[in-house]
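Taking it in order: structure first as structure tokens, then the write-up.
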Amino acid sequence: MTISTNIRLPAEWEKHSKTIIAWPDFGDSLMSNYPHVTWGMLEMVRVLSQYEEVVVLVPSAGIKTELEGILTLFSAGTHFTIKISETEDLWMRDAAPTAVIQDNSKVSLIVWGSRKVAPIRNRVADFVSASENLECITALSPKTNASFILEGGMFDTDGLGSLLVTEECLFSDKVTRGNEINKADYEEIFLKFLGINNTFWLPFGLANDTTNGHIDNVARFLRPGVIALAKTDDPASPHYERLLKNKEYLLEESQRRDGGLEFIEIHLPDAISFDDQTLPASYLNFYIANDVVLVPTFNDPFDILALDQIQENFPERKVIGIHARQLIVGSGTVHCLTQQLPALD
């Protein structure tokens, strides 16, 4: 288990070798919504497999056989493989390891601690490592030499050493679990394991987010120097003040760093409520794959505007909406369900 001083976290828009998706198990939190969830996921696999290799992890041989038949009926692309793996987790952005490039010559997998049951993440990492013949590196804190919690939805990069995160998430009790950790500690970790030397600390994620404020709902790099920001014009929204604070912070940071940042504001969909709570629905939970961008849609008037804005910023890619109104009941959508492996070229 080695780690190079020349390590880089590639941007999501860089070339992928494949995308990893996990098919839901009956023990998953979304199973009461199973038909609707799987319909959306089938569409994700159908579309993605036309543009890049997709590996679908399933919990049993029976589901593997059934899914192969359904995908054939759905006229899915030929670039998908279904593998049996005890993932026990639908959200691959957080359960799967983070792929980095070392010395511009090899892909390695960074394995973080998880707020969920640790064996879940370890099983996924071991499976991906073995099936792709990639080295796993367990991330340990330079300060304590112990594992710490970090999830893929907590950060977003431009591939050139900059990172977006939220303070709300990284310093929540569920993440720190009472451990003393500060920004300098995190930035040392980001540098060592991701090659990051510039971190933007946005204040907030969305309200009522069970992830405690993952960045991939509120701010995403579209390309170096260009950041998509979630916004709402509704002062009654629980997200309103949070998103204003995020924008104020980034504007101040841009001025402090002599400018150089451009912002594209993408309006949230109208409020979607479940069990008397406003759900963290956001178009920024999109996934950038080879020649295509999958964008969650919500049967909402803002769908078309968001798709148009994202298309304008990815003119060389096809932008396709994936209906996600049922998925958001589990507090995640398209980006949360995917994890990419980069291609070295």
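The values are calculated or read from the model by the stated rules, or taken from the named source; none is laboratory data. These numbers come from a predicted model, not from an experiment. Cβ sites come from the backbone with ideal geometry, for glycine too, and all protein chains shown count toward neighbours.
Values computed for the structure shown
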{"read-out": "Matching residues, the stretch 72-100, being modelled with pLDDT of 85 or more, of a type outside the set (D, E, K, R) and out of contact with any Pro (no Cβ under 9 Å at 6 or more places or on another chain)", "value": "HIS79, PHE80, THR81, ILE82, TRP91, MET92, ALA95, ALA96, PRO97, THR98"}
{"read-out": "Filter result for LEU294 (surrounded by 20 or more Cβ atoms within 10 Å (Cβ to Cβ), outside any loop (DSSP other than H, G, I, E, B) and either at pLDDT below 95 or under 18 Å from the mean Cα position of the chain (by Cα) (or both))", "value": "yes"}
{"read-out": "Any hit, the stretch 135-143, residues being in contact with a strand residue (DSSP E or B) (Cβ under 6 Å, 6 or more places away or on another chain), in a loop (DSSP other than H, G, I, E, B) and at pLDDT below 95", "value": "yes"}
{"read-out": "Residue that is surrounded by the most Cβ atoms within 10 Å (Cβ to Cβ) [pool: residues in the stretch 306-320 that are touching a Phe, Trp or Tyr at 6+ places or on another chain (Cβ under 9 Å) and either more than 21 Å from ALA343 (Cα to Cα) or acidic (Asp, Glu) (or both)]", "value": "ALA306"}
{"read-out": "Selection within the stretch 235-271 - touching an Asp or Glu at 6+ places or on another chain (Cβ under 8 Å) and either farther than 19 Å from TRP201 by Cβ or assigned to a strand (DSSP E or B) (or both)", "value": "TYR240, HIS267, PRO269, ASP270, ALA271"}
{"read-out": "Residues of the stretch 272-291 classified as assigned to a loop (DSSP other than H, G, I, E, B) and in contact (Cβ under 8 Å) with a residue 12 or more places away in the chain, total", "value": "11"}
{"read-out": "Selection within the stretch 193-234 - surrounded by fewer than 22 Cβ atoms within 10 Å (Cβ to Cβ), touching a residue at least 60 places away in the same chain (Cβ under 8 Å) and in a loop (DSSP other than H, G, I, E, B)", "value": "ALA207, ASN208, THR210, PRO224, GLY225"}
{"read-out": "Filter result (closer than 14 Å to ILE149 by Cα, without any contact (Cβ under 8 Å) to a residue 40 or more places away in the chain and either among the aliphatic types (A, V, I, L, M) or crowded, with 17+ Cβ neighbours inside 10 Å (or both)) within the stretch 172-186", "value": "TYR186"}
{"read-out": "Hits in the stretch 181-192 - residues which are within 18 Å of ILE110 (Cβ to Cβ) and in a helix (DSSP H, G or I)", "value": "ASP185, TYR186, GLU187, GLU188, ILE189, PHE190, LEU191, LYS192"}
{"read-out": "Filter result for the condition that a residue is touching a strand residue (DSSP E or B) at 6+ places or on another chain (Cβ under 6 Å) and more than 20 Å from ASP94 (Cα to Cα), over GLY161, GLY195", "value": "GLY161"}
{"read-out": "Unique match (being farther than 23 Å from VAL329 by Cα, of a type in the set (A, V, I, L, M) and crowded, with 17+ Cβ neighbours inside 10 Å) among ALA95, ALA61, ALA99", "value": "ALA99"}
{"read-out": "Hits in the stretch 321-345 - residues which are crowded, with 24+ Cβ neighbours inside 10 Å, at pLDDT 95 or above, touching a helix residue (DSSP H, G or I) at 6+ places or on another chain (Cβ under 7 Å) and not in a loop (DSSP other than H, G, I, E, B)", "value": "GLN339"}
{"read-out": "Checklist (1) among the small types (Gly, Ala, Ser); (2) farther than 24 Å from THR278 by Cα; (3) in a strand (DSSP E or B) applied to GLY178, failing item", "value": "(3)"}
{"read-out": "Among the candidates GLU168, GLU180, residue that is at pLDDT 95 or above and of a type in the set (D, E, K, R)", "value": "GLU168"}
